[in-house]
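**Student:** Take this structure first; my questions come after.
The values are calculated or read from the model by the stated rules, or taken from the named source; none is laboratory data. Keep in mind the model is a prediction, meaning the values are calculated, not measured. Please note: Cβ atoms are built from the backbone with ideal geometry, for glycine as well, and neighbour counts cover all protein chains shown. Quick note on the areas: whole protein, heavy atoms, side chains included, nothing else; ligands and nucleic acids left out. Shrake-Rupley method; radii C 1.70, N 1.55, O 1.52, S 1.80 Å.
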Amino acid sequence: MMEGARVRLKGWQQAAVAVGSAVGALLDPRRADLIAALGETTGEPAFERVLERMKRTSEGRAVLLERPRIIYSNVGHAWDLPANTFGAAYANFMGSRNFSPDDRPPVRFMETEELAYVATRAREVHDFWHTLFGLPTNLVGESALKVIEFEQMLLPMCALSVVGVLLDSVRGKGNRSTSITSLGPSGPVRDALI
(Lines give C-alpha, C1' and ligand atoms only; values in the text may rest on other atoms or scores of the structure.)
Protein backbone atom coordinates (compact mmCIF):
# COMPACT_ATOMS: atom_id res chain seq x y z
CA MET A 1 0.00 0.00 0.00
CA MET A 2 1.37 3.42 -0.97
CA GLU A 3 1.66 5.89 1.90
CA GLY A 4 -0.31 9.12 1.99
CA ALA A 5 -4.04 9.67 1.81
CA ARG A 6 -5.36 9.12 -1.69
CA VAL A 7 -8.14 11.41 -2.84
CA ARG A 8 -10.70 10.31 -5.43
CA LEU A 9 -11.73 13.24 -7.60
CA LYS A 10 -14.75 13.70 -9.85
CA GLY A 11 -14.04 15.01 -13.35
CA TRP A 12 -14.77 18.65 -12.53
CA GLN A 13 -12.72 18.43 -9.31
CA GLN A 14 -9.78 16.97 -11.21
CA ALA A 15 -10.01 19.80 -13.75
CA ALA A 16 -10.18 22.39 -10.96
CA VAL A 17 -7.11 20.95 -9.21
CA ALA A 18 -5.24 20.78 -12.54
CA VAL A 19 -6.03 24.40 -13.46
CA GLY A 20 -5.35 25.71 -9.96
CA SER A 21 -2.07 23.78 -9.74
CA ALA A 22 -0.98 24.97 -13.19
CA VAL A 23 -1.65 28.61 -12.36
CA GLY A 24 0.01 28.30 -8.96
CA ALA A 25 3.06 26.53 -10.41
CA LEU A 26 3.43 29.20 -13.11
CA LEU A 27 3.36 31.88 -10.42
CA ASP A 28 5.79 30.01 -8.17
CA PRO A 29 7.71 27.18 -9.91
CA ARG A 30 9.34 26.20 -6.58
CA ARG A 31 6.03 24.77 -5.34
CA ALA A 32 6.74 21.04 -5.70
CA ASP A 33 3.32 20.21 -4.25
CA LEU A 34 1.56 22.09 -7.06
CA ILE A 35 3.78 20.56 -9.73
CA ALA A 36 3.07 17.11 -8.26
CA ALA A 37 -0.70 17.74 -8.22
CA LEU A 38 -0.56 18.99 -11.82
CA GLY A 39 1.36 15.90 -12.91
CA GLU A 40 -1.14 13.58 -11.24
CA THR A 41 -4.33 15.30 -12.40
CA THR A 42 -3.21 15.60 -16.02
CA GLY A 43 -1.02 12.52 -16.28
CA GLU A 44 -3.12 9.44 -15.63
CA PRO A 45 -3.20 8.36 -19.32
CA ALA A 46 0.58 8.80 -19.50
CA PHE A 47 1.10 6.77 -16.31
CA GLU A 48 -1.21 4.08 -17.75
CA ARG A 49 1.02 3.89 -20.87
CA VAL A 50 4.14 3.63 -18.69
CA LEU A 51 2.46 0.88 -16.64
CA GLU A 52 1.63 -1.06 -19.80
CA ARG A 53 5.21 -0.67 -21.08
CA MET A 54 6.53 -1.92 -17.73
CA LYS A 55 4.25 -4.97 -17.89
CA ARG A 56 5.70 -5.90 -21.30
CA THR A 57 9.26 -6.40 -20.01
CA SER A 58 10.67 -8.79 -17.43
CA GLU A 59 12.48 -5.89 -15.71
CA GLY A 60 9.32 -3.80 -15.58
CA ARG A 61 7.27 -6.70 -14.22
CA ALA A 62 9.93 -7.29 -11.53
CA VAL A 63 9.83 -3.62 -10.49
CA LEU A 64 6.02 -3.72 -10.32
CA LEU A 65 6.11 -6.91 -8.28
CA GLU A 66 8.85 -5.83 -5.85
CA ARG A 67 7.92 -2.12 -5.80
CA PRO A 68 11.36 -0.89 -4.70
CA ARG A 69 11.36 2.62 -3.31
CA ILE A 70 14.02 5.30 -3.66
CA ILE A 71 13.97 6.42 -0.05
CA TYR A 72 16.84 7.04 2.33
CA SER A 73 16.54 3.67 4.07
CA ASN A 74 17.12 1.97 0.69
CA VAL A 75 19.72 4.30 -0.87
CA GLY A 76 21.52 5.73 2.17
CA HIS A 77 24.52 3.51 1.44
CA ALA A 78 25.17 5.60 -1.70
CA TRP A 79 26.90 8.15 0.55
CA ASP A 80 29.57 5.48 1.28
CA LEU A 81 30.25 4.38 -2.32
CA PRO A 82 33.50 5.09 -4.22
CA ALA A 83 33.75 8.46 -5.98
CA ASN A 84 33.61 6.99 -9.50
CA THR A 85 30.17 5.39 -9.11
CA PHE A 86 26.68 6.53 -9.97
CA GLY A 87 25.67 6.09 -6.34
CA ALA A 88 28.36 8.49 -5.16
CA ALA A 89 27.42 10.99 -7.88
CA TYR A 90 23.79 10.75 -6.74
CA ALA A 91 24.78 11.19 -3.09
CA ASN A 92 26.90 14.22 -4.03
CA PHE A 93 24.01 15.72 -6.02
CA MET A 94 21.60 15.24 -3.14
CA GLY A 95 24.02 16.27 -0.40
CA SER A 96 25.25 19.40 -2.16
CA ARG A 97 21.64 20.63 -2.30
CA ASN A 98 20.64 19.39 1.15
CA PHE A 99 18.00 17.16 -0.49
CA SER A 100 16.70 13.91 0.94
CA PRO A 101 15.15 11.13 -1.13
CA ASP A 102 12.33 11.20 1.43
CA ASP A 103 11.34 14.81 0.58
CA ARG A 104 8.99 14.00 -2.32
CA PRO A 105 5.29 14.59 -1.68
CA PRO A 106 3.13 11.42 -1.73
CA VAL A 107 0.95 10.63 -4.72
CA ARG A 108 -2.65 11.53 -3.91
CA PHE A 109 -4.75 11.57 -7.08
CA MET A 110 -4.19 8.22 -8.84
CA GLU A 111 -7.09 5.79 -9.21
CA THR A 112 -5.25 2.52 -8.48
CA GLU A 113 -2.37 1.32 -6.34
CA GLU A 114 -0.44 0.32 -9.47
CA LEU A 115 -0.78 3.78 -11.01
CA ALA A 116 0.10 5.38 -7.67
CA TYR A 117 3.30 3.31 -7.61
CA VAL A 118 4.20 4.23 -11.22
CA ALA A 119 3.67 7.93 -10.44
CA THR A 120 5.69 7.57 -7.24
CA ARG A 121 8.49 5.79 -9.10
CA ALA A 122 8.58 8.54 -11.75
CA ARG A 123 8.79 11.13 -8.99
CA GLU A 124 11.49 9.24 -7.10
CA VAL A 125 13.80 8.72 -10.11
CA HIS A 126 13.71 12.45 -10.92
CA ASP A 127 16.96 13.09 -9.03
CA PHE A 128 18.58 10.07 -10.71
CA TRP A 129 17.89 11.85 -14.03
CA HIS A 130 19.46 15.05 -12.68
CA THR A 131 22.57 13.07 -11.73
CA LEU A 132 22.74 11.06 -14.95
CA PHE A 133 22.47 14.11 -17.20
CA GLY A 134 24.38 16.55 -14.96
CA LEU A 135 21.42 18.93 -14.84
CA PRO A 136 21.30 21.65 -12.18
CA THR A 137 18.17 22.38 -10.17
CA ASN A 138 17.67 25.87 -11.57
CA LEU A 139 14.94 26.78 -14.03
CA VAL A 140 16.97 25.81 -17.10
CA GLY A 141 18.06 22.47 -15.62
CA GLU A 142 14.57 21.56 -14.48
CA SER A 143 13.16 22.53 -17.88
CA ALA A 144 15.73 20.41 -19.70
CA LEU A 145 14.81 17.50 -17.44
CA LYS A 146 11.12 18.03 -18.16
CA VAL A 147 11.88 17.64 -21.88
CA ILE A 148 13.60 14.31 -21.12
CA GLU A 149 10.72 13.19 -18.89
CA PHE A 150 8.20 14.18 -21.56
CA GLU A 151 10.10 12.12 -24.12
CA GLN A 152 10.06 9.12 -21.77
CA MET A 153 6.50 9.33 -20.40
CA LEU A 154 4.53 11.89 -22.46
CA LEU A 155 3.35 13.59 -19.26
CA PRO A 156 1.39 16.74 -20.16
CA MET A 157 2.77 18.49 -17.07
CA CYS A 158 6.27 18.25 -18.53
CA ALA A 159 5.21 20.07 -21.69
CA LEU A 160 3.33 22.64 -19.58
CA SER A 161 6.47 23.23 -17.51
CA VAL A 162 8.50 24.04 -20.61
CA VAL A 163 5.74 26.40 -21.79
CA GLY A 164 5.95 28.10 -18.38
CA VAL A 165 9.69 28.63 -18.80
CA LEU A 166 9.16 30.08 -22.26
CA LEU A 167 6.55 32.48 -20.84
CA ASP A 168 8.97 33.49 -18.08
CA SER A 169 11.63 34.16 -20.72
CA VAL A 170 9.23 36.31 -22.74
CA ARG A 171 8.35 38.26 -19.58
CA GLY A 172 12.06 38.65 -18.77
CA LYS A 173 11.87 36.58 -15.57
CA GLY A 174 13.78 33.52 -16.80
CA ASN A 175 17.04 32.49 -15.12
CA ARG A 176 19.67 33.03 -17.77
CA SER A 177 22.58 32.10 -15.51
CA THR A 178 22.89 28.68 -17.15
CA SER A 179 22.91 28.14 -20.87
CA ILE A 180 21.14 25.08 -22.16
CA THR A 181 24.28 24.28 -24.18
CA SER A 182 26.34 23.95 -20.99
CA LEU A 183 24.15 21.14 -19.70
CA GLY A 184 25.11 17.50 -19.93
CA PRO A 185 26.62 14.56 -18.10
CA SER A 186 29.52 15.22 -15.80
CA GLY A 187 31.97 13.31 -13.61
CA PRO A 188 31.45 9.56 -13.28
CA VAL A 189 28.40 9.60 -15.53
CA ARG A 190 30.34 11.26 -18.38
CA ASP A 191 33.23 8.85 -17.82
CA ALA A 192 30.87 5.86 -18.01
CA LEU A 193 29.41 7.13 -21.29
CA ILE A 194 32.78 7.67 -22.98
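**Student:** If you check 78, 18, which single one turns out to be within 16 Å of residue 108 (Cα to Cα), assigned to a helix (DSSP H, G or I) and of a type in the set (A, V, I, L, M)? Reasoning before the result, please.
**Tutor:** Details: 78 fails: within 16 Å of residue 108 (Cα to Cα).
Only one candidate qualifies: 18.
**Student:** Scanning segment 158-167 for residues that are touching a residue at least 12 places away in the same chain (Cβ under 8 Å) and open to solvent by 60 Å² or more (accessible area, probe 1.4 Å), which turns out farthest from residue 25 (Cα to Cα)?
**Tutor:** The extreme case among them is 167.
A quick yes/no check of all residues on (1) in a helix (DSSP H, G or I); (2) in contact with a His (Cβ under 9 Å, 6 or more places away or on another chain); (3) surrounded by 15 or more Cβ atoms within 10 Å (Cβ to Cβ); (4) at pLDDT 95 or above:
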residue: 26; (1), (2), (3), (4): yes, no, yes, no
residue: 37; (1), (2), (3), (4): yes, no, yes, no
residue: 50; (1), (2), (3), (4): yes, no, yes, yes
residue: 61; (1), (2), (3), (4): yes, no, no, yes
residue: 82; (1), (2), (3), (4): no, no, no, yes
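**Student:** Taking residue 193 and the conditions (1) modelled with pLDDT of 65 or more; (2) among the hydrophobic types (A, V, I, L, M, F, W, C); (3) at negative phi, which numbered condition does it fall short on, given that it satisfies the others?
**Tutor:** Residue 193 satisfies every listed condition except (1).
**Student:** Moving on. Considering only segment 110-126, I want to know if a residue exists there that is open to solvent by 20 Å² or more (accessible area, probe 1.4 Å), among the hydrophobic types (A, V, I, L, M, F, W, C), out of contact with any His (no Cβ under 6 Å at 6 or more places or on another chain) and over 20 Å from residue 65 (Cα atoms).
**Tutor:** For segment 110-126, residues open to solvent by 20 Å² or more (accessible area, probe 1.4 Å), among the hydrophobic types (A, V, I, L, M, F, W, C), out of contact with any His (no Cβ under 6 Å at 6 or more places or on another chain) and over 20 Å from residue 65 (Cα atoms): absent.
**Student:** What's the total number of residues in segment 108-145 that are part of a loop (DSSP other than H, G, I, E, B), under 14 Å from the mean Cα position of the chain (by Cα), over 18 Å from residue 72 (Cβ atoms) and among the aliphatic types (A, V, I, L, M)?
**Tutor:** Looking only at that region, the number is 1.
**Student:** I've got another one for you. Can you tell me which residue in segment 84-107 is nearest to residue 60 (Cα to Cα), limited to those that are open to solvent by 70 Å² or more (accessible area, probe 1.4 Å) and assigned to a helix (DSSP H, G or I)? Reasoning before the result, please.
**Tutor:** Initial filter on segment 84-107 (open to solvent by 70 Å² or more (accessible area, probe 1.4 Å)): 84, 86, 92, 96-99, 102-104.
Still in the running and assigned to a helix (DSSP H, G or I): 86, 92, 96, 102-103.
Numbers: 86: 21, 92: 28, 96: 31, 102: 23, 103: 25 Å.
Among those residues, the one meeting the criterion is 86.
**Student:** Let me ask something additional. Looking at segment 146-157, which of the residues that are part of a helix (DSSP H, G or I) and more than 9 Å from the chain's Cα centre (by Cα) is surrounded by the fewest Cβ atoms within 10 Å (Cβ to Cβ)?
**Tutor:** Taking segment 146-157 and keeping what is part of a helix (DSSP H, G or I), we get 146-153, 156-157.
Among the residues that remain, those that are also more than 9 Å from the chain's Cα centre (by Cα) are: 147-148, 150-153, 156-157.
Numbers: 147: 14, 148: 15, 150: 18, 151: 9, 152: 15, 153: 20, 156: 18, 157: 24.
It comes out as 151.
**Student:** Moving on. Restricting to segment 127-143, name every residue that is open to solvent by less than 20 Å² (accessible area, probe 1.4 Å) and not β-branched (Val, Ile, Thr). Explain how you work it out, then say what you get.
**Tutor:** Of the residues in segment 127-143, the ones open to solvent by less than 20 Å² (accessible area, probe 1.4 Å) are 127, 130-131, 135, 141, 143.
Those that are open to solvent by less than 20 Å² (accessible area, probe 1.4 Å) and not β-branched (Val, Ile, Thr): 127, 130, 135, 141, 143.
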